Amino acid sequence: MTYDTPAGFDDTWALTESVDGWMTHAQGGRLWTAAGRVPAGGQIVEIGSFRGRSMIVLSRAAPGAGSIVAIDPHAGNDRGPQAIDGYADAAALDHEVFNRNLERAGVRERVTHVRAFSSDAHDQVDGPIDLLYIDGAHRYGPARDDIRSWGDRVPTGGTMLIHDSFSSIGVTLAIGRELVTSGRWRYEGRSGSLTQYHREPLRGGARVRNALEQLKQLPWFARNVLIKVLITVRLGRVTRLFGHDPSVWPY
């Protein structure tokens, strides 16, 4: 899915290109636009910051936000595709590089870093959340808990974005359980695996149409799963048949 470059975004994107992460240009543009709509004094919360690529976009896009919170334990685990186990050296390095990247982008003082797992961080974040960005652990249990418990803190009119939707099996199952038939979240589309939801009441036909829009993404999800399997079993070259670059993990 293409996404037009938002005004003012290019300079910020240039700052992120040297930052490790799994966010495409189109996904960054979607984050930028969503964050730019946060009202003055509003709150942005990100779950899963890694080395700061998405947080740089969020914080620079919302100059009027009252609170910008990055939740990431920097524990060396769940760092990205096929990087699940914990590594002490990686944890220390991720934390150091995260802060250095924010400093270089000129946003370090604007961001409150909660160095904890999202399940343990609720009491360290006050008030409602106008924009919630979820890119934490991609296993079903943690992903579902993030969508449910943190999503509950987004009021009507707020926005939730989820990375690795219809790409990661765990995240997609969590979306299926919590959002596909939900009467509280309207699906607004996706940029690659980054989906966007708007908090609003849905009833009757609107709720059915909302579910169908999400179910229409399942063929793309099946394609991504097949690509991952082929890459894992060293048949990545076959993914070229699907128009995919085998050197890139689909996200």
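The values are calculated or read from the model by the stated rules, or taken from the named source; none is laboratory data. The shown structure was predicted, so the numbers you read here are calculated from the model rather than taken from an experiment. Neighbour counts are summed over all protein chains in view; Cβ atoms, including those assigned to glycine, are modelled from backbone coordinates with ideal geometry.
In segment 226-242, is there at least one residue being within 20 Å of the chain's Cα centre (by Cα), aromatic (F, W, Y) and within 23 Å of Q27 (Cα to Cα)?
Step one: list which residues in segment 226-242 are within 20 Å of the chain's Cα centre (by Cα), which gives 228.
From what's left, aromatic (F, W, Y): none.
The answer is no; no qualifying residue exists.
If a residue has to be in contact with a Ser or Thr (Cβ under 9 Å, 6 or more places away or on another chain), touching a residue at least 24 places away in the same chain (Cβ under 8 Å) and not in a loop (DSSP other than H, G, I, E, B) to count, how many in segment 11-67 make the cut?
Qualifying residue count, segment 11-67: 24.
Which count do you get for residues in segment 148-189 that are over 21 Å from V225 (Cβ atoms) and among the polar types (S, T, N, Q)?
5
State whether the residues of segment 203-218 include one that is modelled with pLDDT of 95 or more, among the β-branched types (V, I, T) and either exposed (fewer than 14 other Cβ atoms within 10 Å of the Cβ) or over 17 Å from the mean Cα position of the chain (by Cα) (or both).
First pass over segment 203-218, keeping only residues modelled with pLDDT of 95 or more: 203-218.
If we keep only those that are among the β-branched types (V, I, T) too, we end up with 208.
The next check asks that each one be either exposed (fewer than 14 other Cβ atoms within 10 Å of the Cβ) or over 17 Å from the mean Cα position of the chain (by Cα) (or both); those that pass are 208.
Within segment 203-218, one or more residues are modelled with pLDDT of 95 or more, among the β-branched types (V, I, T) and either exposed (fewer than 14 other Cβ atoms within 10 Å of the Cβ) or over 17 Å from the mean Cα position of the chain (by Cα) (or both).
Scan segment 219-245 residue by residue and report those that are hydroxyl-bearing (S, T, Y) and loosely packed, with under 13 Cβ neighbours inside 10 Å.
At the first step, the residues of segment 219-245 found to be hydroxyl-bearing (S, T, Y) are 232, 239.
Selection gives T232 alone.
Quick check on this structure: which one of D120, D146 is in the same structural domain as V180 (by TED's automatic domain parsing) and within 17 Å of the chain's Cα centre (by Cα)?
Among D120, D146, only D146 is in the same structural domain as V180 (by TED's automatic domain parsing) and within 17 Å of the chain's Cα centre (by Cα).
Check G189, G158, G151 and return the single one that is at pLDDT 95 or above, among the small types (G, A, S), closer than 30 Å to A65 by Cβ and more than 14 Å from the chain's Cα centre (by Cα).
Numbers: G189 fails: more than 14 Å from the chain's Cα centre (by Cα); G151 fails: more than 14 Å from the chain's Cα centre (by Cα).
After applying the criteria, what remains is G158.
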